[in-house]
Amino acid sequence: MSGAVLVTGAAGFIGSHVCEALLARGETVMGIDNFDPYYSPVEKQANLAALHARPGFSFLEFDVRNVDGWAPVVAGVDRIVHLAALAGVRASVEQPLDYVAVNVAGTVRVLAAAVQAGVRQLVFASTSSVYGQGVEFPFREDQPADRPLAPYPATKRAAEMLAHSYHVAHGLNVSVLRFFSVYGPRGRPDMMPRLLAESLLHGSSVTLFAGGQMWRDWTYVSDIVAGVLGALDTPRGYEIYNLGCGAPVLMADFVTHLERLAGRKANVRSVPAPASEVVRTGADITKAAAHFGYQPQISVEAGLKLFWDWFAAR
Ligand SMILES: NC(=O)c1ccc[n+]([C@@H]2O[C@H](COP(=O)([O-])OP(=O)(O)OC[C@H]3O[C@@H](n4cnc5c(N)ncnc54)[C@H](O)[C@@H]3O)[C@@H](O)[C@H]2O)c1
């Protein structure tokens, strides 16, 4: 008989989808989130709305920086999906200490709680931006990741390494997942798909870096969720996996795809890319495929259609 799964950041974009998928396969889920104001807490409450009614779901407003309130949070929990974080690359340049407090110190709290509860697997959300500008393309997990371009990826890389130290010291099983640009329904309002969709529907101006001459390995949220569940079900000591689509898209083409779906032009303004922005991301996903059968199903064309249909119907 399995215990419950704790999902941190449950009210967020990816967290709400992960909870939904866990509940759909009959799991008991404990969600926590502090409704951080980086983007509207009203939107986060809405992300949770459909979950509250589902049997097996409970939720607690809780901050991962909490020092000594963890015992009731992890009671009955035997697996953890740790998604709670501050996740803005450019915001992290302005507020590095907040990013350290949540993404590094908060993750250490989660690791300690996992040890305390004796969990059998912890999955941690990291990011493709730990590769910086990258050494070889596509990015492989065994490439160096020690030249981050902003505090956000630096804090994620630090947390990856702290998780390794917990694996060594306490035998905790940890799978680190490096997500590549995730999009889909309930997508974050600070990310390009949402900003573009806003522009297409309401005419707002949207900033495009370097005239769209940058590449991102956009990954549809259901593929990410499948990867999270696959990793959760496959404890292997300490491992790092890329979760991408494996088909990087030129940002200029990404804009054109969405414009075609909307049947009009976005109000795009090109500016030079800030130094914190990676020019190109692309995932080698052979390791996740080999270890837990990760196989993205949704092309960017299909995913943008699903995303646009959701956005237009809001
Ligand atoms: N969306 C992407 O493209 C992407 C790419 C790479 C990595 N990631 C990582 O995936 C995870 C989920 O990202 P997302 O896009 O769903 O972001 P999100 O901001 O929608 O979700 C993160 C959630 O964590 C919560 N949170 C923040 N600080 C907290 C704290 N101190 N205590 C408790 N909860 C807290 C927020 O309120 C939010 O609901 C993050 O760890 C992020 O770094 C996301």
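The values are calculated or read from the model by the stated rules, or taken from the named source; none is laboratory data. Owing to the predicted nature of the structure, the values given are computational and were not obtained by experimental measurement. Ideal geometry is used to build each Cβ from the backbone, glycine not excepted, and the neighbour counts take in all protein chains shown.
Assessment of the range 36-43 against the conditions (in contact with an Asp or Glu (Cβ under 9 Å, 6 or more places away or on another chain), under 17 Å from residue 103 (Cβ atoms) and not in a loop (DSSP other than H, G, I, E, B)) yields no matching residue.
Return yes or no: is residue 160 of a type in the set (Asp, Glu) and within 14 Å of the ligand (Cβ to nearest atom)? So residue 160 passes the test.
Per the conditions (1) within 14 Å of the ligand (Cβ to nearest atom); (2) out of contact with any helix residue (DSSP H, G or I) (no Cβ under 6 Å at 6 or more places or on another chain); (3) of a type in the set (Lys, Arg), the sole criterion not satisfied by residue 147 is (1). The set of residues in the range 261-292 that are farther than 30 Å from residue 150 by Cβ and surrounded by fewer than 13 Cβ atoms within 10 Å (Cβ to Cβ) comprises 263, 264, 265, 290.
Among the residues making up the range 257-304, those that are among the β-branched types (Val, Ile, Thr) and within 18 Å of the chain's Cα centre (by Cα) are 278, 281, 285, 298, 300.
Selection over the range 46-94 of residues that are surrounded by 15 or more Cβ atoms within 10 Å (Cβ to Cβ) and within 26 Å of residue 192 (Cβ to Cβ) gives a count of 14. Being surrounded by fewer than 20 Cβ atoms within 10 Å (Cβ to Cβ), part of a helix (DSSP H, G or I) and out of contact with any His (no Cβ under 8 Å at 6 or more places or on another chain) is the filter here; which residues of the range 293-309 pass it? Passing the criteria: 302, 305, 306, 309.
Every test in (1) within 12 Å of the ligand (Cβ to nearest atom); (2) in contact (Cβ under 8 Å) with a residue 60 or more places away in the chain; (3) touching a strand residue (DSSP E or B) at 6+ places or on another chain (Cβ under 9 Å) is passed by residue 225 save one, and that test is (3). Among the residues of the range 227-258, the ones that are part of a strand (DSSP E or B) and β-branched (Val, Ile, Thr) come to 2 in all. Tell me, please, whether a residue that is crowded, with 23+ Cβ neighbours inside 10 Å and free of Cβ contacts under 8 Å to residues at least 40 places away in the same chain can be found in the range 124-146. Yes, there is a match, as at least one residue in the range 124-146 is crowded, with 23+ Cβ neighbours inside 10 Å and free of Cβ contacts under 8 Å to residues at least 40 places away in the same chain. Restricting attention to the range 9-27, the residues being more than 11 Å from the chain's Cα centre (by Cα), buried (at least 24 other Cβ atoms within 10 Å of the Cβ) and either closer than 15 Å to residue 230 by Cα or near the ligand (Cβ under 7 Å from one of its atoms) (or both) number 3.
In the range 4-25, the residues that are closer than 17 Å to residue 110 by Cα and part of a strand (DSSP E or B) form Cβ pairs under 6 Å with partners that are near the ligand (Cβ under 8 Å from one of its atoms) and at pLDDT 95 or above, at six or more places apart or across chains, as follows: 7/15; 8/32; 8/64; 8/82; 8/83; 8/84.
From the list 115, 93, 119, the lone residue that is farther than 27 Å from residue 214 by Cβ, out of contact with any strand residue (DSSP E or B) (no Cβ under 9 Å at 6 or more places or on another chain) and touching a residue at least 12 places away in the same chain (Cβ under 8 Å) is 115. Filtering the range 168-222 to residues that are more than 16 Å from the ligand (Cβ to nearest atom), part of a helix (DSSP H, G or I) and buried (at least 21 other Cβ atoms within 10 Å of the Cβ) leaves 199, 200. Residues of the range 46-55 that are within 10 Å of the ligand (Cβ to nearest atom) and without any contact (Cβ under 8 Å) to a residue 60 or more places away in the chain: 48 alone. Restricting attention to the range 165-211, the residues being of a type in the set (S, T, N, Q) and within 15 Å of the chain's Cα centre (by Cα) number 2. Being β-branched (Val, Ile, Thr) and either farther than 18 Å from residue 193 by Cβ or in contact with a Pro (Cβ under 8 Å, 6 or more places away or on another chain) (or both) holds for only one residue in 249, 268, 255, 279, and it is 279.
For the range 192-215, indicate whether the set of residues that are under 23 Å from residue 146 (Cβ atoms) and touching a residue at least 60 places away in the same chain (Cβ under 8 Å) is non-empty. Looking for residues that are under 23 Å from residue 146 (Cβ atoms) and touching a residue at least 60 places away in the same chain (Cβ under 8 Å), one finds at least one in the range 192-215, hence yes.
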